[in-house]
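Every number here is computed from the coordinates shown, using simple stated rules; none is lab data. What you see is a predicted model, and the numbers here were worked out from it, not measured in a lab. Positions of Cβ are generated from backbone atoms using ideal geometry, with glycine treated the same way; all protein chains shown enter the neighbour counts.
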Amino acid sequence: MSLEKTIMEDIKTAMKAKDKVALESLRAVKTALSYAKTEAQVDELSEADEISILQKQVKMRKEAAEQFTSQGRDDMAEKELQQVAVIEKFLPQQLSEEELAAEITAIIQQEGASGMKDMGKVVGIANKNLAGRAEGKAIAGEVKKQLNA
């Protein structure tokens, strides 16, 4: 079942359960997916595109939560974080720090990277290989850490 169909089913479930947070989150994701399909002029998005859209939705909400927290609006921050939890259910399992470090080490060895001059190449390959399983920020941080060592 495609992600869009799964989300539609979950919207129905959230409506029946009167779960406002889930409903709002799922509708936002559905809208983002529909917009991306319209923009790309396609009937179906690839799985990689869907994951990318979900990651953007999660990132937007995490950033909003940080903003609300810095402004002392913990109630609004909590709402954003609850939406993050709903959306993350549709993303692949995230890598732990140890798993990410091992993956980055393997890529560095495979590419023969030796210093910071190779960071762009390693980050590019890592982002492609680990799409959906790790945030770009975490990947770049780990690559930098390992290439500086």
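Principal-axis analysis of the Cα atoms of the chain puts helix 20-40 at an angle of about 70° to the longest axis.
Here the calculated FRET efficiency for Lys5 and Lys117, from their Cβ-Cβ distance with R0 = 35 Å, stands at 0.15, rounded to the nearest 0.05. Residues Leu3, Leu54, arranged from fewest to most other Cβ atoms within 10 angstrom of their Cβ, appear as Leu3, Leu54. Once the Cα atoms are used to define both axes, helix 119-129 deviates from the longest principal axis of the chain by about 40 degrees.
Rg and Dmax of the stretch 1-58, based on Cα coordinates, read 11.5, 34 Å.
Fully extended, how many nm does the chain gain between Glu63 and Ala85 (0.36 nm per residue separation, minus their Cα-Cα distance)? Intermediate values should be presented prior to the final figure.
Details: separation 22, 0.36 × 22 = 7.92 nm, distance 1.41 nm.
Contour length minus Cα-Cα distance gives 6.5 nm.
Using a Förster distance of 35 angstrom, determine the FRET efficiency expected from the C-beta separation of Ala28 and Glu99, and round it to 0.05.
Working: r = 29 Å, r/R0 = 0.84.
Efficiency computed from Cβ-Cβ geometry: 0.75.
With a Förster radius of 41 Å applied to the beta-carbon distance between Asn129 and Lys18, the computed FRET efficiency rounds to 0.50. Recomputing semi-axes √(5λ) of the Cα gyration tensor in Å from the coordinates shown identifies the correct label among (i) 31, 20, 16; (ii) 32, 20, 13; (iii) 44, 20, 13 as (ii). Each Lys and Arg Cβ is given +1 and each Asp and Glu Cβ -1; about its Cα centre, the chain then shows a dipole of about 280 debye.
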